[in-house]
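Have a look at the structure below before the remarks.
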Amino acid sequence: MAEVKVKVQPPDADPVEIENRIIELCHQFPHGITDQVIQNEMPHIEAQQRAVAINRLLSMGQLDLLRSNTGLLYRIKDSQNAGPVSFFLSKMKGSDNQEKLVYQIIEDAGNKGIWSRDIRYKSNLPLTEINKILKNLESKKLIKAVKSVAASKKKVYMLYNLQPDRSVTGGAWYSDQDFESEFVEVLNQQCFKFLQTKAETARESKQNPMIQRNSSFASSHEVWKYICELGISKVELSMEDIETILNTLIYDGKVEMTIIAAKEGTVGSVDGHMKLYRAVSPIIPPTGLVRAPCGLCPVFDDCHEGGEISPSNCIYMTEWLEF
């Protein structure tokens, strides 16, 4: 597949969205969060933008600044610990008990959302009444309906200010509920190309084998930064997204991973550990028979001539024979 060279610069982050995300993180970790946690969750946000957002939340009295053994902690104010209900309390005025019950059920579902049928089971309300309440809450912008990639006709409901979980939206790999296979393939190629170039540079250095090997490794943050600078993605990619791509390269036998200890606060580290990746090539090319797809096929027992799964219509068998 030809490499995509069209550059698309990611849009500037909205300061309000940064503040809302920090508030969400504080709700997820009520004992407080460090700047490293914020950086890991929003790697695309510059340090200055994070600082501006944090200072604004501190000045508005929404966050407390604490000191611990690990450094500074940001914690949601006690008055905010009641959760999003207190934030939307003014809009809930005049609502009856049934509407408040449905709202509470949706709030408990978090950013994974909840199906209307599950709301009916938990509330014991008629479906017609639930649909009426849901429309009313949507009109007040207290909740929102989000389509799930798990089922094209299925909508889940969550609080209006929440960012849907990846299990709902499919993350960066889905667009309008369609899996972007070509986009994933381009990322796969570019990540491998970066690691290959790094390995070649290490070999050309003519240093001792151990130094060459260590120099051929790259952190997931380095790979993420390279992909961001290429500008081949229309959506913002996180380091977790890039690590997903790198894992596919590991499964393909093109890349290997190692985990090393890292100092607290090191870019790309999580809980004092850092993942490193390098491109590898097999010492001895496997024989044609070993490459046969049947040995690793998960539906091998169901494959037979004349069946729904058979060698004659297997695309992997066709590719192997052409090879």
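The values are calculated or read from the model by the stated rules, or taken from the named source; none is laboratory data. Bear in mind the structure is a predicted one, so any value in this text is a computation, not a measurement. Every residue, glycine among them, receives a Cβ derived from its backbone with ideal geometry; neighbour counts consider all protein chains shown. Just the protein is used for accessible areas: all its heavy atoms, side chains included, with ligands, DNA and RNA removed. Shrake-Rupley method; radii C 1.70, N 1.55, O 1.52, S 1.80 Å.
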*Do you know which residues across segment 166-193 are modelled with pLDDT of 80 or more and either closer than 19 Å to Val146 by Cα or touching a Leu at 6+ places or on another chain (Cβ under 9 Å) (or both)?*
Leu187, Asn188, Gln190, Cys191, Phe192
*Does segment 108-144 hold any residues that are of a type in the set (Phe, Trp, Tyr) and in contact with a strand residue (DSSP E or B) (Cβ under 9 Å, 6 or more places away or on another chain), and which are they?*
Trp115
_Every residue from segment 146-170 that is more than 23 Å from Val16 (Cα to Cα) and free of Cβ contacts under 8 Å to residues at least 40 places away in the same chain_ = Lys147, Ser148, Val149, Ala150, Ala151, Ser152, Lys153, Lys154, Gly170
*Take the residues in segment 99-119 that are open to solvent by 70 Å² or more (accessible area, probe 1.4 Å) and closer than 22 Å to Asp165 by Cβ, then tell me which one is nearest to the chain's Cα centre (by Cα).*
Lys112
*Which one is most open to solvent (accessible area, probe 1.4 Å) among residues in segment 16-67 that are small (Gly, Ala, Ser) and part of a helix (DSSP H, G or I)?*
Ser59
*Do any residues in segment 60-71 that are modelled with pLDDT of 70 or more have Cβ atoms under 6 Å from those of residues that are in a strand (DSSP E or B) and open to solvent by less than 40 Å² (accessible area, probe 1.4 Å), where the two are at least six apart or on different chains, and which pairs are they?*
Leu63/Tyr74; Leu66/Leu73
